[in-house]
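**Q** Here you go, one structure.
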There are 2 protein chains.
Amino acid sequence: MIRTYCTLKQRRLQRNAEVGLFTKPSMGNMDLKELIAAAKGEHPVDCLFTNARIINVFSNEIIAGHIAVSGGYIVGIGEYPAQKTVDLKNRYVSPGFIDAHVHIESSMTSVAEFAKAVVCKGTTTVVADPHEIANVMGTQGLDYMLASSENLPINIFFTLPSCVPATNMETAGAVLDPQIIKPYLNHQRIVGLGEMMNFPGVLFRDDAVIEKIKDTLSSRKPVDGHAPGLTGKDLNAYIAAGISSDHECTTADEAMEKLRLGMHIMIREGTGAKNLKALLSVINEKTADRIMWCTDDRHPHDICEQGHIDYMIRTAVQNGIDPVSAIRIATINPAQYFGLNQVGSIAPGKKADLVVFSDLQNITADEVYCSGRLIVSDGKLMHEDFLTACVSCPSTMNVKAGSIDFVIPAEKEKIRVIELIEKQIITRQSIHDAKIENDFAVADISADILKIAVVERHKGTGNIGKAFVSGFGLKKGAIASSVAHDSHNIIVIGTNDDDMKVAVERIIEMNGGLTAVCDRQISAELPLPIAGLMSDKSLETVRSQMDAMINAARAMGAIVADPFMILSFLALPVIPELKLTDRGLFDVNQFAHVSLFVDRALF
Amino acid sequence: MIRTYCTLKQRRLQRNAEVGLFTKPSMGNMDLKELIAAAKGEHPVDCLFTNARIINVFSNEIIAGHIAVSGGYIVGIGEYPAQKTVDLKNRYVSPGFIDAHVHIESSMTSVAEFAKAVVCKGTTTVVADPHEIANVMGTQGLDYMLASSENLPINIFFTLPSCVPATNMETAGAVLDPQIIKPYLNHQRIVGLGEMMNFPGVLFRDDAVIEKIKDTLSSRKPVDGHAPGLTGKDLNAYIAAGISSDHECTTADEAMEKLRLGMHIMIREGTGAKNLKALLSVINEKTADRIMWCTDDRHPHDICEQGHIDYMIRTAVQNGIDPVSAIRIATINPAQYFGLNQVGSIAPGKKADLVVFSDLQNITADEVYCSGRLIVSDGKLMHEDFLTACVSCPSTMNVKAGSIDFVIPAEKEKIRVIELIEKQIITRQSIHDAKIENDFAVADISADILKIAVVERHKGTGNIGKAFVSGFGLKKGAIASSVAHDSHNIIVIGTNDDDMKVAVERIIEMNGGLTAVCDRQISAELPLPIAGLMSDKSLETVRSQMDAMINAARAMGAIVADPFMILSFLALPVIPELKLTDRGLFDVNQFAHVSLFVDRALF
């Protein structure tokens, strides 16, 4: 398949030519002196947006007025002589929306394509945590994300992934030690430490964890939390460590406990986790300044169908939240929390990132301006030409295709089986009789016991974890993926070794992706050449490809709702009960690797 | 007079012995690991404050609960095993109050004595702008303020004086260029750039002004504003420069214009300027998070009689502001604005700076805890022994007493006279016939035209500005002061040269202060040995001394309400119309020095 990549250097040259009215999302790009002169009205401003109903997130009012823009920045509110006037005809203007915590990797598309998709929804700033790509590529992944988010019309800030590797029970692509992370804390677009998932490491005062937190706070940047269900003294201790936000609340009580103890609450509406409606009751005039919206992990389907942060605003308003509060939560709150001084409000000195809309009860972007330039009109991109190419990414496949085999010599008669639970990412373990053919344990299709394998792809170790899974439903063929949290080795489930091999080898060939194989033929594939996680195609294209993948899996008998999402969590050795890593089966409750073959039933 | 100074080094040794439960106001003093362990309840905490009605500034509620403290920090909210229990008997507990902008010099007492005075009022954190001492001593003044505020029970943070010298029309003690200021921006207790009074410098893009602003913003610290009456495009431009607060609003309309444009509003209740009541209408649930309290310049009398930030809270509540909002404005708001992560709320990881009070409608500190230690009980200091000595300060008098004379050879028959306007610090200029004796122009007591002089005291230039002033009222003697904004040369007004000389020479002898002299005898004096601005005595003592000074001036005929305050502004060449610097008369409207003698009436 032909890729439209260009190199980083080509990309930069190209951008320099394209840049036009664009300005960098980092500070200090427009000369401060020019900004002041423009604000004083010393010469006509570039553009005056007249007759706006401005959402003022400082006074929480809607105020009729004009917005003067020069050099991509708002320079003043009021009457200004201007080279150009845009009459907004009494429509509403909000600051561009901010996603306070997102893994761009979960959109399965490149940074540029993600930007194109979400800007249409009014999102002009995101704080991204490149946790997934960092687990694959380490600092090279951070550098890649920083480079590929330069000079985009939307502002992409990052938090530093705090937990790479996520676990020590598998082979990840990288280790980000405190001393590796520290210099990145000085980067202008790195605005904090990403979600500290390792809460046992916090509570038990792991040296590296404490060092990362201290370094971040010393640089006057916040540490984001990730503390699902943490309560009482453990929560007090987690907060005492200096962790100041959480996006994992699932109930209003949980959110209020955390908010009262000082945490900023990021209400999440992702794909796997949708917490918006459950948490709306937390929002009132007394708490609204402590809340942000975020999407965390949001898949192409939901972004295309429902929207992004705009969906959260709309839903909140439809459920009785004051529209200005809902916008404030989407704008000034995250801007203040992360110290993003140039975004989040309509005021002198801020970037002219504006969302124009007509209906306060159904906030949907008519137009989106980024740095004063019209990027979206009628909800559609105005500049399909911009950013068609994404920054190239080196291959992350360090695995020899020829050496892979999935045979499992039978050692005993009974095996541990990973048992799927409907609509959940946790699993149970059960013991079954192995189906043995020619001294090899094989899939037992009639009992829905399929073979599963995790192929290490980062270090060329040759590790292949092999086991069995029940509840998936395939009657033929195999499906495979290089998206497998959090280390993103290649994971494959199949009814037979040959199809599994074809599926995995095709992923290696594509430098990552998803495959469905039946009778040694590729029935569907979705290339993810960026770190094995992201496509270089548009979000709409990825969404269609993903639909095709799911249909292919279903055609082979898959009974789970979202086969590739379920697949992607089966290698994550922190979610109970039985998982598979490249080093073999892992019992999360025992927190130890366990053998595939057992002597007798466990219970 | 004998001073109780000790050297900086002695002071530090002494503090090390005293320090006990004290902790530094800077970050990272309690080991983070110990904090986490304590929060987990791994061992009994130092102290559990039980049965508290806690002012929760996150959720803006009052919540019954217990507060666990260890090592000077709040480690948890809830039930904890404790070595000691303090039953608060359902009284209210607020985070310690914060003064968002104060010139400690205006209290006319040392940092330690200021701290003792305001902690009794519940103030446990101040953000001080050492503008006055920096104009006298430059970086030595900054260093002095930093050193003398180390290890105090209250937290003293600083903003860097942005305007030293305040003007170029007089001889100041120092010049703080951007390159001198820059390294200070890394100091943990320096939290921003102080009030940018030089708004013409901002609007006309003075290089040094712009550089200071940029450097501060680059260090992720805010730039405080000072923009009395600035409005419209000039205000837009001032804000576009990155200046994010203002404490000079005098009307609600002015405050709302600034707030809507993104400024944080510091409502001020000082001595010269009292804006609280005029601005209360700005505060509501939609704006409360953008507002802070500050005192700016508050003299001993007002602190002793009315109080400090507590007075502002009380007054606000008496005027209908919700008590929790009034407290939030005094606590979390300035903490967030300045990034003071360890103060401003009652939550895990914050310093145990607590104000206990009984009546929500009349908030007056019963007890004040600093870092968990009881410092104030029944409104009185519990540890009179602590901090009796203040850090020594080198002499700032570089002037030869013997060389001073105040004679004015008569050049022409008419003179410009500085004409006081009742109850204002602005002046007018008028032309009078000079009273000439033996070819010298002298005071004309019957016409209330007194001699005034400004004696340069920083550089030993020998400069003495000489002129005449009307409206002061002295019938005999002279009064003098080394507090003379903003360069703080020695200013003197008198009926005769001899008394003026005695008054000034005594100030030089005292290393600064105020004097009243009649018939060559000192009738009252107030030594201000710290930079000629601050006493080493208690605030109460200074207040009594100040009362005596004013009485002495009145006894000599002074008719102005506060003679020494008026005197202190007569050398400030930025407030119209006619002022006197060490280089002579200055016409503020013409923005130029002018001659004392004139040919004819100006009008």
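**Q** Is at least one residue of the stretch A:84-101 acidic (D, E), modelled with pLDDT of 95 or more and surrounded by 22 or more Cβ atoms within 10 Å (Cβ to Cβ)?
**A** Yes: one or more hits.
**Q** Now for a separate question. Check off (1) touching a strand residue (DSSP E or B) at 6+ places or on another chain (Cβ under 9 Å); (2) surrounded by fewer than 16 Cβ atoms within 10 Å (Cβ to Cβ); (3) closer than 24 Å to B:I508 by Cβ for B:P573 and give me the number that stays unchecked.
**A** (2)
**Q** May I pose another question? Residues in the stretch A:255-276 that are of a type in the set (D, E, K, R), touching a Ser or Thr at 6+ places or on another chain (Cβ under 7 Å) and surrounded by fewer than 24 Cβ atoms within 10 Å (Cβ to Cβ): how many?
**A** 2
**Q** Hey, another quick one. Tell me, which helices (runs of 4 or more DSSP H) lie completely within the stretch A:288-367 with 3 or more residues that are closer than 22 Å to A:I265 by Cα and more than 19 Å from the chain's Cα centre (by Cα)?
**A** A:309-318, A:323-330, A:332-338
**Q** Which of the residues spanning the stretch A:226-245 are within 13 Å of chain B (Cβ to nearest Cβ) and under 18 Å from A:L276 (Cα atoms)?
**A** Result: A:A227, A:S245.
**Q** Something else: Would you pick out the residues in the stretch A:452-475 that are of a type in the set (D, E, K, R) and within 17 Å of A:I559 (Cβ to Cβ)?
**A** Residue satisfying the conditions is A:K475 alone.
**Q** May I pose another question? State whether one or more residues within the stretch B:417-433 are among the charged types (D, E, K, R) and crowded, with 24+ Cβ neighbours inside 10 Å.
**A** Taking every residue of the stretch B:417-433 in turn, none turns out to be among the charged types (D, E, K, R) and crowded, with 24+ Cβ neighbours inside 10 Å.
**Q** Only one of these conditions is not met by A:P394: (1) more than 27 Å from the chain's Cα centre (by Cα); (2) assigned to a loop (DSSP other than H, G, I, E, B). Which number is it?
**A** Condition (1) is where A:P394 drops out.
**Q** Mind telling me which of the residues A:H299, A:H264 ends up being touching a helix residue (DSSP H, G or I) at 6+ places or on another chain (Cβ under 7 Å), more than 13 Å from A:D99 (Cα to Cα) and within 14 Å of another protein chain (Cβ to nearest Cβ)?
**A** After applying the criteria, what remains is A:H264.
**Q** Please tell me if B:F199 is of a type in the set (A, V, I, L, M, F, W, C), within 12 Å of another protein chain (Cβ to nearest Cβ) and under 27 Å from B:L570 (Cβ atoms).
**A** The answer is yes for B:F199.
**Q** Considering only the stretch B:402-497, give the strands (runs of 3 or more DSSP E) lying wholly within it that have at least 2 residues that are small (G, A, S).
**A** Strands (runs of 3 or more DSSP E) meeting the threshold: B:464-470, B:478-481.
**Q** Here is a check on your reading of the model: is A:K277 within 14 Å of another protein chain (Cβ to nearest Cβ) and either aromatic (F, W, Y) or part of a helix (DSSP H, G or I) (or both)?
**A** For A:K277, the condition - within 14 Å of another protein chain (Cβ to nearest Cβ) and either aromatic (F, W, Y) or part of a helix (DSSP H, G or I) (or both) - is not met.
**Q** Here is a follow-up. So, in the stretch B:39-51, how many residues would count as being within 20 Å of B:G349 (Cβ to Cβ) and more than 10 Å from chain A (Cβ to nearest Cβ)?
**A** 7
**Q** If you go through the stretch B:326-346 one residue at a time, do you hit one that is at positive phi and touching a helix residue (DSSP H, G or I) at 6+ places or on another chain (Cβ under 7 Å)?
**A** yes
**Q** Also, I was wondering about something else. Can you pull out every residue in the stretch A:250-290 that is over 23 Å from B:I332 (Cα atoms) and touching a residue at least 40 places away in the same chain (Cβ under 8 Å)?
**A** A:R268, A:E269, A:G270, A:T271, A:G272, A:L276, A:K277, A:L280
**Q** Determine, yes or no, whether A:I363 is within 14 Å of another protein chain (Cβ to nearest Cβ) and among the hydrophobic types (A, V, I, L, M, F, W, C).
**A** no
**Q** Follow-up question, since we're still on this one. Out of B:I36, B:I63, B:I54, I need the residue that is facing another protein chain (nearest Cβ under 8 Å), buried (at least 19 other Cβ atoms within 10 Å of the Cβ) and either in contact (Cβ under 8 Å) with a residue 40 or more places away in the chain or of a type in the set (V, I, T) (or both). Which one?
**A** Only one candidate passes the filter, namely B:I36.
**Q** Could you tell me whether any residue of the stretch B:372-391 is closer than 28 Å to A:D234 by Cα, crowded, with 17+ Cβ neighbours inside 10 Å and either within 14 Å of another protein chain (Cβ to nearest Cβ) or in contact (Cβ under 8 Å) with a residue 24 or more places away in the chain (or both)?
**A** Scanning the stretch B:372-391 turns up at least one residue that is closer than 28 Å to A:D234 by Cα, crowded, with 17+ Cβ neighbours inside 10 Å and either within 14 Å of another protein chain (Cβ to nearest Cβ) or in contact (Cβ under 8 Å) with a residue 24 or more places away in the chain (or both).
**Q** Taking the stretch B:532-568 on its own, how many of its residues are over 29 Å from B:D448 (Cβ atoms) and among the acidic types (D, E)?
**A** Of the residues in the stretch B:532-568, 2 are over 29 Å from B:D448 (Cβ atoms) and among the acidic types (D, E).
**Q** Which of (1) more than 18 Å from A:A330 (Cα to Cα); (2) touching an Asp or Glu at 6+ places or on another chain (Cβ under 9 Å) is the odd one out, the single condition A:D206 does not satisfy?
**A** All conditions pass for A:D206, except number (2).
**Q** Which residues, taken from the stretch B:372-391, are assigned to a loop (DSSP other than H, G, I, E, B) and modelled with pLDDT under 95?
**A** Across the stretch B:372-391, the qualifying residues are B:D378, B:G379, B:M382, B:H383, B:E384, B:D385, B:F386, B:L387, B:T388, B:A389, B:C390.
**Q** Report whether or not A:I210 is β-branched (V, I, T) and not in a strand (DSSP E or B).
**A** yes
**Q** Another question about this same structure. Please determine whether any residue of the stretch A:345-358 is within 14 Å of another protein chain (Cβ to nearest Cβ), touching an Asp or Glu at 6+ places or on another chain (Cβ under 9 Å), within 20 Å of B:E285 (Cβ to Cβ) and among the polar types (S, T, N, Q).
**A** Checked against the condition, which is being within 14 Å of another protein chain (Cβ to nearest Cβ), touching an Asp or Glu at 6+ places or on another chain (Cβ under 9 Å), within 20 Å of B:E285 (Cβ to Cβ) and among the polar types (S, T, N, Q), the stretch A:345-358 yields no hits at all.
**Q** I would also like to ask the following. Which residues, counting only those in the stretch A:72-83, are within 12 Å of another protein chain (Cβ to nearest Cβ) and surrounded by fewer than 19 Cβ atoms within 10 Å (Cβ to Cβ)?
**A** Scanning the stretch A:72-83 gives A:G78, A:E79, A:P81.
The values are calculated or read from the model by the stated rules, or taken from the named source; none is laboratory data. Keep in mind it's a predicted model, so treat the numbers as computed, not measured. Positions of Cβ are backbone-derived with ideal geometry, glycine not excepted, and every protein chain shown enters the neighbour counts.
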